[in-house]
């Protein structure tokens, strides 16, 4: 019997890795073994690095990569999605297309699935460039209306989607993310020394992972941590991630606080160094305004690092009782939480224990299995 073909929009798997890229790669590494009757094709705009293509998958390079965030990229992305992808799907007998990052082509010549990772374009519109926000709102509305199946990565995103776009909740499949085995507490000493040396890390630091942008609340973290830095409770605050909208404001505030090397912007940290960066942190602070899931929360907890985050959006759903949660814009509350964790050995130990237990409840294997079940159902009804 001829195997059915599933194609995924895998462009973020060949970018500097972020949560969406992790989602795509982690599923692609597991689904072929779970459903060998399906063929998996990863549609990309440039070839993957040698050795990074998951076993059981084929990569298909369409078009050319022109960079991220440039004027050319803003034009080429819709061209890639709406012209190159449909043409490939038609010509090569693809049975199902998975828009793994919010969008599907305007015309899909096969069955389709879309993953909506969050509803921030609607819930937090002020943190996006207006034109990009309007474009994505339109694309998400269209994908939600036309896809044969819809996935969200948290119950909160499902509920937001129902409320904002009116899609019935029982038509949405909630499939959470997992945490990669690389994020753990028992790294070899040689690896940790290498990470510390290559990133020039201080002994004690507060870490925030993710794009330096408005919705992650880096300004609140800087203001809240200033006293801990000033009195020597911790050596530095480190931001690990690319610059996003509002990064200039964060750098200006850091300069005005006159903290020098006590505030550092690491930029994008290579994936092979990221587990060590987590493991060496004193605590991870993630006071984000809105998250559809919050993968850094799981990565930190899986690394045995205490977590302080926000009691908003999907964050409580992910953290359970394994983190201290604060109001995301409340500087004083965050300052008190930071001080408590930095000064109380017993509290840090309890948060580590709870975090490790919590992280074990999230599995990429289970997530991949649920995706396979959904693919089979969509293909059967097609």
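Taking first residues from segment 55-66 that are at positive phi and partners that are part of a loop (DSSP other than H, G, I, E, B) and surrounded by 14 or more Cβ atoms within 10 Å (Cβ to Cβ), the Cβ contacts under 8 Å between residues at least 6 apart in sequence or on separate chains come to 63/45. Across segment 276-307, the number of residues qualifying as within 21 Å of residue 153 (Cα to Cα) and without any contact (Cβ under 8 Å) to a residue 60 or more places away in the chain comes to 3.
In the set 293, 362, only one residue is touching a helix residue (DSSP H, G or I) at 6+ places or on another chain (Cβ under 8 Å), within 20 Å of residue 214 (Cβ to Cβ) and modelled with pLDDT of 95 or more; that residue is 293.
The criterion of at least 3 residues that are out of contact with any strand residue (DSSP E or B) (no Cβ under 6 Å at 6 or more places or on another chain) and farther than 21 Å from residue 379 by Cβ is met by the following helices (runs of 4 or more DSSP H) wholly inside segment 1-104: 19-34, 71-79.
Does residue 167 count as part of a loop (DSSP other than H, G, I, E, B), farther than 17 Å from residue 81 by Cβ and more than 21 Å from the chain's Cα centre (by Cα)? So residue 167 passes the test. Can you confirm whether residue 245 is touching a helix residue (DSSP H, G or I) at 6+ places or on another chain (Cβ under 8 Å) and assigned to a helix (DSSP H, G or I)? Spelling it out, it is not the case that residue 245 is touching a helix residue (DSSP H, G or I) at 6+ places or on another chain (Cβ under 8 Å) and assigned to a helix (DSSP H, G or I). Take the conditions (1) in contact with a strand residue (DSSP E or B) (Cβ under 7 Å, 6 or more places away or on another chain); (2) assigned to a loop (DSSP other than H, G, I, E, B); residue 161 misses just one of them, which is (2).
Within the set 253, 219, 273, 257, the sole residue that is in contact with a strand residue (DSSP E or B) (Cβ under 8 Å, 6 or more places away or on another chain), surrounded by fewer than 22 Cβ atoms within 10 Å (Cβ to Cβ) and either touching a residue at least 24 places away in the same chain (Cβ under 8 Å) or on the phi > 0 side of the Ramachandran plot (or both) turns out to be 257.
Matching residues to (1) buried (at least 20 other Cβ atoms within 10 Å of the Cβ); (2) within 20 Å of residue 313 (Cα to Cα); (3) in contact with a helix residue (DSSP H, G or I) (Cβ under 9 Å, 6 or more places away or on another chain):
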residue	(1), (2), (3)
90	no, no, no
95	no, no, yes
105	yes, no, yes
125	no, yes, yes
130	no, no, no
138	no, no, no
153	yes, yes, yes
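Please verify whether residue 174 is under 30 Å from residue 354 (Cα atoms), outside the structural domain of residue 211 (by TED's automatic domain parsing) and in contact (Cβ under 8 Å) with a residue 12 or more places away in the chain, treating the condition exactly as stated. Yes: the conditions hold for residue 174. For segment 120-158, filtered to residues that are at pLDDT 95 or above and assigned to a loop (DSSP other than H, G, I, E, B), the residue that is farthest from the chain's Cα centre (by Cα) is 148.
Residue count for segment 207-247 satisfying the condition of being over 18 Å from residue 334 (Cβ atoms) and within 22 Å of the chain's Cα centre (by Cα): 8.
Among residues that are surrounded by 17 or more Cβ atoms within 10 Å (Cβ to Cβ), within 19 Å of the chain's Cα centre (by Cα) and within 19 Å of residue 126 (Cα to Cα), residue 287 is included. Residues considered: 356, 325, 334. Of these, the only one that is touching a residue at least 60 places away in the same chain (Cβ under 8 Å), in contact with a strand residue (DSSP E or B) (Cβ under 9 Å, 6 or more places away or on another chain) and under 20 Å from residue 294 (Cα atoms) is 334. Scanning segment 188-210 for residues that are assigned to a loop (DSSP other than H, G, I, E, B) and surrounded by fewer than 20 Cβ atoms within 10 Å (Cβ to Cβ) returns 188, 200, 202, 203, 204. The test for being surrounded by fewer than 14 Cβ atoms within 10 Å (Cβ to Cβ), assigned by TED's automatic domain parsing to the domain that holds residue 274 and in contact with a helix residue (DSSP H, G or I) (Cβ under 7 Å, 6 or more places away or on another chain) holds for residue 227.
The values are calculated or read from the model by the stated rules, or taken from the named source; none is laboratory data. Everything numeric in this text was worked out from a predicted model, so none of it was measured. Note: ideal-geometry Cβ built from the backbone for every residue, glycine included; neighbour counts use all protein chains shown.
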